[in-house]
Amino acid sequence: MYHSFTDALIHTQAKTTLAQHLWPETLQAEYSLQHCQGDGVLFTGELAPADLLRIIPRLHTLTASMTRTLLRLVSEWGVSVRLTRHTHRYSHSGCVTFLAEGFPEETDLAEGRLLSALQCQYEIICHEVETLGYRLIAGTIPEVVDEVLLCRCTENIALRVVAVYPEECGYCDADDGLEGDYIDLILRCGRRVLCLRYEVFCDGEKMAESWTTGTVIDPHGPVRKWLSRDEVRHVASEARDAIEFRAAAFRSFIKAA
């Protein structure tokens with residue numbers, strides 16, 4: 001479970017991208033995607049011999065002869081590669097060092113070729129996750145602070161639905177299947193998947209509020225397609241109770257006076 005809905009989607013997409021390149025999903029993803037210096041994505045962990053045997057044939061920067069040599073060495077000597085951070089100042093692919101373990105003596109050339117090829121593919125993976133991560137962020141956060149998606153008013157009462165930052169709704173509890181569906185909706189269908197705050201005001205004073213997560217919105221579609229009638233009824237009921245409580249308190253004050 002990750003800190004917020006957006007975090008969960010980015011980590012799920014990171015695992016998907018790793019799997020597409022036949023890298024192990026057990027690698028730990030870290031990122032900073034705030035359009036600042038040092039932003040990016042990195043992975044740490046270990047490429048075990050079984051992982052390398054799966055990955056090496058897909059490393060297109062290797063010659064056929066070197067590929068055969070590396071597969072033999074990994075199989076016979078149990079070669080592995082460890083990915084470790086060498087700085088915590090930034091979070092991008094350049095912050096990680098590749099260290100091979102298990103190569104026999106006098107195979108420095110093969111070791112160097114393997115690490116170089118792995119780093120090339122690693123850069124591609126990190127760049128893909130970074131690009132998609134920015135798109136997932138754009139699809140799950142408000143365009144502005146307290147972005148108003150709906151406002152309905154009478155003379156004294158106002159209902160607003162506001163897009164909020166996912167952190168306001170706490171930890172994400174969506175399962176992996178739903179996260180994959182949300183990712184597809186954002187990346188392939190152009191939808192927004194937002195956390196919302198429903199709120200009711202009486203004469204400008206907030207009477208009640210409630211939150212929802214995972215609301216799928218078509219930016220070009222009608223409000224009725226995403227507006228939760230159940231949530232409107234719930235927050236309206238809470239507001240009515242709050243108004244009635246204050247009215248009762250005022251009436252008791254009048255009688256006491």
Original post:
Can you find even one residue in segment 78-86 that is in contact with a Pro (Cβ under 9 Å, 6 or more places away or on another chain), part of a strand (DSSP E or B) and crowded, with 16+ Cβ neighbours inside 10 Å?
Top reply: yes
**OP:** Assess whether I125 counts as being assigned to a helix (DSSP H, G or I), out of contact with any His (no Cβ under 6 Å at 6 or more places or on another chain) and open to solvent by less than 60 Å² (accessible area, probe 1.4 Å).
**Re:** no
Original post:
Limited to segment 88-108, what total is found for residues that are outside any strand (DSSP E or B) and surrounded by 12 or more Cβ atoms within 10 Å (Cβ to Cβ)?
Top reply: 9
Subject >> Qualifying residue in segment 111-119 (condition: exposed (fewer than 13 other Cβ atoms within 10 Å of the Cβ), free of Cβ contacts under 8 Å to residues at least 40 places away in the same chain and among the acidic types (D, E)) >> reply: no
Original post:
Mind checking whether some residue in segment 197-204 is touching a helix residue (DSSP H, G or I) at 6+ places or on another chain (Cβ under 6 Å) and under 24 Å from L136 (Cα atoms)?
Top reply: yes
**OP:** Could you identify the single residue in Q13, Q20, Q37, Q28 that is among the polar types (S, T, N, Q) and open to solvent by less than 20 Å² (accessible area, probe 1.4 Å)?
**Re:** Q13
Original post:
From the list G133, G177, which one is assigned to a helix (DSSP H, G or I) and surrounded by 13 or more Cβ atoms within 10 Å (Cβ to Cβ)?
Top reply: G133
Original post:
Within the bounds of segment 240-252, is there any residue that is part of a loop (DSSP other than H, G, I, E, B), within 14 Å of A158 (Cβ to Cβ) and in contact (Cβ under 8 Å) with a residue 24 or more places away in the chain?
Top reply: no
Subject >> Residues located in segment 149-167, provided they are surrounded by 14 or more Cβ atoms within 10 Å (Cβ to Cβ), out of contact with any Gly (no Cβ under 9 Å at 6 or more places or on another chain) and in a strand (DSSP E or B) >> reply: L149, L150, I157, L159, R160, V161, V162, A163, V164
Subject >> Every residue from segment 182-208 that is at pLDDT 95 or above and of a type in the set (D, E) >> reply: D184, E199
**OP:** Would you please list the contacts, defined by Cβ atoms under 6 Å and residues six or more apart or on different chains, that run from a residue in segment 90-102 that is touching a residue at least 12 places away in the same chain (Cβ under 8 Å) to a residue that is in a loop (DSSP other than H, G, I, E, B) and not hydrophobic (A, V, I, L, M, F, W, C)?
**Re:** Y90/G38; C95/T87; T97/H86; G102/G78
**OP:** Could you tell me which of the residues Y198, Y182 is in contact with a Leu (Cβ under 7 Å, 6 or more places away or on another chain) and crowded, with 16+ Cβ neighbours inside 10 Å?
**Re:** Y182
Original post:
Among the residues of segment 59-77, how many are part of a helix (DSSP H, G or I) and either open to solvent by less than 90 Å² (accessible area, probe 1.4 Å) or hydrophobic (A, V, I, L, M, F, W, C) (or both)?
Top reply: 11
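The values are calculated or read from the model by the stated rules, or taken from the named source; none is laboratory data. Here the structure is a predicted model, which is why all the values come from computation and not from measurement. Don't worry about glycine lacking a Cβ; one is built from the backbone with ideal geometry, like all the others, and counts go over all protein chains shown. Side chains included, ligands, DNA and RNA excluded: accessible areas come from the protein's heavy atoms. Shrake-Rupley method; radii C 1.70, N 1.55, O 1.52, S 1.80 Å.
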